[in-house]
1. Of all the accessible heavy-atom surface of segment 173-294, with the other protein chains kept in place and a 1.4 Å probe, what percent is carbon and sulfur?
2. Taking a ≥ b ≥ c as the square roots of the eigenvalues of the Cα gyration tensor of segment 3-84, is the shape rounded (a/c under 1.5), prolate (a/b larger than b/c) or oblate?
3. Using a 1.4 angstrom probe with every protein chain in place, what is the largest-first accessible-area order of Asp38, Asp129, Asp156?
4. Pull out a ≥ b ≥ c, the square roots of the eigenvalues of the alpha-carbon gyration tensor of segment 150-304, then state rounded if a/c is under 1.5, prolate if not and a/b is larger than b/c, and oblate in the remaining case.
5. Given a 1.4 angstrom probe, what's the average accessible area per residue across the chain, in square angstrom?
6. Taking the simple approach of a point 7 Å from Cα along Cα-to-Cβ for both Asp250 and Asp193, what is their distance in nm?
7. Using r as the Cβ-Cβ distance of Met54 and Ala19, and R0 as 22 Å, what FRET efficiency do you calculate, to the nearest 0.05?
8. Along each principal axis of its Cα atoms, how long is the chain end to end? Whole angstroms, biggest number first, please.
Amino acid sequence: MDAVDALNEIAFWLERELAPTFKIQAFRKAAGIIGALDPDEVAARARNGRLKSMKGIGDRTFEVIRQAVDGGVPEYLEGLRQRGQQPLAKGGAELRSALRGDLHSHSDWSDGGSPIELMADAARTLGRDYLALTDHSPNLKIANGLSAERLTEQLDVVAGINHDDGSGFRLLAGIEVDILENGTLDQSPDMLDRLDIVVASVHSKLRSDRRTMTDRMLGAISDPHTNVLGHCTGRLLQGSRGTRPQSEFDAQRVFAACAEQGVAVEINSRPERQDPPGELIQLALAAGCLFSIDSDAHAPGQLDFLQYGAERAAANGVPTERIVTTWPLDRLLEWSGRGK
Ligand SMILES: [Zn+2]
Ligand SMILES: [Zn+2]
């Protein structure tokens, strides 16, 4: 087995089961280190043990590389593959199999942990027809948000990936754009015009009063560039960032505006978000909204979080037809206003 593939696949399974970042990074880093070397050299150094003394190669990663070089599937990977046979979520299996894509993901260009290519590879392996790459906008400095210049550069990388790909899979150019305090979007209209998908999210002043937050969200929803309203309450239920209550806003008005503008309400699949909560999914359903089940993946293995979103959508009785990520690509792009 190819040692780089083995290390990356181990990282994928660990990401999927929310293993600690340092543990995952050890495998991603080792993959990067030996990926830069000649494979014969790697094999020779694995056999004579010299690889062990290289910076960034630990006992466990060395053992994985050695076993891969010897031609087998490393034991550690084998164990992870077996555990990975179990679905992440118990419910929503039927809806899960109807999902064709994902409109929210991050690469190492903003606050994700992996290169764009690895995100696209994983989405393709998971059987997605499309994945939107939606790195953050300039306002979110803490997440290394992309300036217009960097986003322009990224568009070329995305085009390159789609050019090389004969599989029918499509990486969509997108953005998770901050909804600024005045309700406008944190990127120029010209730049947003060039993208396939715009996810608009609130990331600051989450404790604003109800009226301020409602106006802010309505502003973003009325912008014709907005396709998806990301993690609308901002709540956090668990995880390393701690917990955070949901923002206060007039959900009736916000969802009515989404329904009117054809903006999809995101069902964010991240275990720590589970956003919006069930009551709000019900409200959005009654308002006639469309939905987008998204992973908000920051690493390849997290792309499989869609299972959690599917489980929650199914539990709340969201009809498949109302979920834009079950639509074929042509229909999706027509809806997003970027169809040919
Ligand atoms: Zn976000
Ligand atoms: Zn995000």
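1. 46
2. prolate
3. On the way: Asp38 85, Asp129 60, Asp156 110 Å².
Order by accessible area, largest first: Asp156, Asp38, Asp129.
4. It comes out prolate by the Cα gyration axes.
5. Values: 14800 Å² over 340 residues.
Ligands and nucleic acids excluded, the result is 44 Å² per residue.
6. 3.3
7. Given R0 = 22 Å and the Cβ-Cβ separation, E is 0.40.
8. Here the spans come out as 67, 43, 38 Å, largest first.
The values are calculated or read from the model by the stated rules, or taken from the named source; none is laboratory data. These numbers were taken from a predicted model, which means no experiment stands behind them. Counting neighbours? That spans all protein chains shown, and the Cβs are built from the backbone with ideal geometry, glycine included. Accessible surface areas use protein heavy atoms only, side chains included; no ligands, DNA or RNA. Shrake-Rupley method; radii C 1.70, N 1.55, O 1.52, S 1.80 Å.
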